[in-house]
Amino acid sequence: MSEPQERSELDGTPVGRRVVLGLLGLGVVGVVTGSAVQDALSRLVAHDPTGLSQLVPLGSAFRYYSVTGSVESRDASSYSLSVSGLVARPATYTLADLQQLPQVSITRDFHCVTGWYVDDVPWTGVRLSHLLDLAAPTSDAVAIRFRSFDGVYTENMTLEQARADDVLVALTMYGEPVTHQHGGPVRIYAAPMYGYKSTKWLSGIELTDRDIPGYWEDRGYPLDGIIGE
Ligand SMILES: Nc1nc2c(c(=O)[nH]1)N[C@H]1C(S)=C(S)[C@@H](COP(=O)(O)O)O[C@H]1N2
Ligand SMILES: [Mo]
């Protein structure tokens, strides 16, 4: 597996990492540092069949990910979300438009495919299925391509997956507007799927006639990304 290029913006160094690495018999402490160690360890644990992951203190902290260095901030005056492609009614939503649509709350564990997770994260937002209903996908539409205003990140999902009740265009996290670091003002939260499916800094929802691999799918991550599969 190629080295993921996710960059963690988390500077802190968890206590006990060397101990943990030692426990796992991993001899690479000298050649990797900082978040690289954490990511390597996360991946190792994620794929470790021994159950050691339960002993390792990786849970309960978000890592902030961006595949680009820094991302411009957008707020109520500069944010917009387009719904386009194979739809009868293309639309562009401001943040206020999204806030006026019916809001749904979900609390779930957040799982990155590299092994870290956070328990019981509360989100609110508009069901993606609601925006899809408003857009009226044509009969050719089978999938979605998400875009980010970071200018680089893309994601994909089948229309069927996107219509699940627990896939949100998320506006709040922990009861507050989604912060810039977490992909605000608007990001996807796709509860059934690993974190990479939850596009941050969401700018576009494009209906397509095939499931086009996104940024991480092009780098080997599963096309579906369902947690546990
Ligand atoms: N635009 C964008 N969205 C993204 C990513 C990214 O790098 N850029 N990383 C993904 C991955 S791999 C994960 S685990 C989550 C992390 O969300 P967080 O940064 O809020 O913790 O965002 C996902 N969405
Ligand atoms: Mo991730």
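Only one of these is more than 16 Å from ligand 2 (Cβ to nearest atom), touching an Asp or Glu at 6+ places or on another chain (Cβ under 6 Å) and modelled with pLDDT of 95 or more: Ser78, Ser84. Name it.
Details: Ser78 fails: touching an Asp or Glu at 6+ places or on another chain (Cβ under 6 Å).
Every option except Ser84 fails the conditions.
Select from the range 166-192 the residues that are within 10 Å of ligand 1 (Cβ to nearest atom), free of Cβ contacts under 8 Å to residues at least 40 places away in the same chain and of a type outside the set (Gly, Ala, Ser) and write down the one among them that is most open to solvent (accessible area, probe 1.4 Å).
Thr179
What single numbered condition from (1) within 16 Å of ligand 2 (Cβ to nearest atom); (2) touching a helix residue (DSSP H, G or I) at 6+ places or on another chain (Cβ under 9 Å) fails to hold for Ile205?
All conditions are met except number (1).
I'd like the full set of residues that are open to solvent by 20 Å² or more (accessible area, probe 1.4 Å) and under 10 Å from Asn156 (Cα atoms), limited to the range 193-214. Give the steps one after another, and end with the answer.
Our first condition is that a residue be open to solvent by 20 Å² or more (accessible area, probe 1.4 Å); within the range 193-214, this holds for 194, 200, 203, 206, 209-213.
Matches in the range 193-214: Glu206, Arg210, Asp211, Ile212, Pro213.
Tell me which residues, restricted to the range 102-123, are within 10 Å of ligand 1 (Cβ to nearest atom) and either hydroxyl-bearing (Ser, Thr, Tyr) or within 17 Å of Leu171 (Cα to Cα) (or both).
Phe110, Thr114, Tyr117, Val121
Which condition number in (1) open to solvent by 20 Å² or more (accessible area, probe 1.4 Å); (2) touching a helix residue (DSSP H, G or I) at 6+ places or on another chain (Cβ under 9 Å); (3) of a type in the set (Ser, Thr, Tyr) is the one that Tyr221 fails?
(1)
Return the only residue of Tyr174, Tyr153, Tyr194 being within 16 Å of ligand 2 (Cβ to nearest atom), in contact with a strand residue (DSSP E or B) (Cβ under 8 Å, 6 or more places away or on another chain) and over 20 Å from Leu81 (Cα atoms). Give the steps one after another, and end with the answer.
Values: Tyr174 fails: within 16 Å of ligand 2 (Cβ to nearest atom); Tyr153 fails: over 20 Å from Leu81 (Cα atoms).
Just a single option satisfies the conditions, and that option is Tyr194.
Residues to consider are Thr124, Thr114, Thr107; find the one that is within 16 Å of ligand 2 (Cβ to nearest atom) and closer than 17 Å to Gly195 by Cα.
Working: Thr124 fails: within 16 Å of ligand 2 (Cβ to nearest atom); Thr107 fails: within 16 Å of ligand 2 (Cβ to nearest atom).
The match here is Thr114.
Tell me, yes or no, whether the range 73-86 has at least one residue that is assigned to a loop (DSSP other than H, G, I, E, B), in contact with a Lys or Arg (Cβ under 8 Å, 6 or more places away or on another chain) and surrounded by fewer than 19 Cβ atoms within 10 Å (Cβ to Cβ). Even if it seems obvious, please write down each step before you answer.
Residues of the range 73-86 that are assigned to a loop (DSSP other than H, G, I, E, B), as a first pass: 73-80, 86.
If we keep only those that are in contact with a Lys or Arg (Cβ under 8 Å, 6 or more places away or on another chain) too, we end up with none.
No, that holds for no residue.
Residues that are under 11 Å from the mean Cα position of the chain (by Cα): which strands (runs of 3 or more DSSP E) entirely in the range 161-229 hold 3 or more of them?
Result: 187-190.
Run down Thr154, Thr114 and say which single residue is in contact (Cβ under 8 Å) with a residue 60 or more places away in the chain and more than 12 Å from Ser203 (Cα to Cα).
On the way: Thr154 fails: more than 12 Å from Ser203 (Cα to Cα).
One residue alone meets the criteria, Thr114.
Looking at (1) part of a loop (DSSP other than H, G, I, E, B); (2) over 18 Å from Tyr65 (Cα atoms), can you tell me which one Thr114 breaks?
It is condition (2) that Thr114 fails.
The values are calculated or read from the model by the stated rules, or taken from the named source; none is laboratory data. Just so it is clear, the model here is predicted, and its values are computed rather than measured. FYI the Cβ positions are ideal-geometry reconstructions off the backbone, even for glycines, and counts take in every protein chain you see. Ligands, DNA and RNA are excluded from the accessible area calculation, which covers all protein heavy atoms including side chains. Shrake-Rupley method; radii C 1.70, N 1.55, O 1.52, S 1.80 Å.
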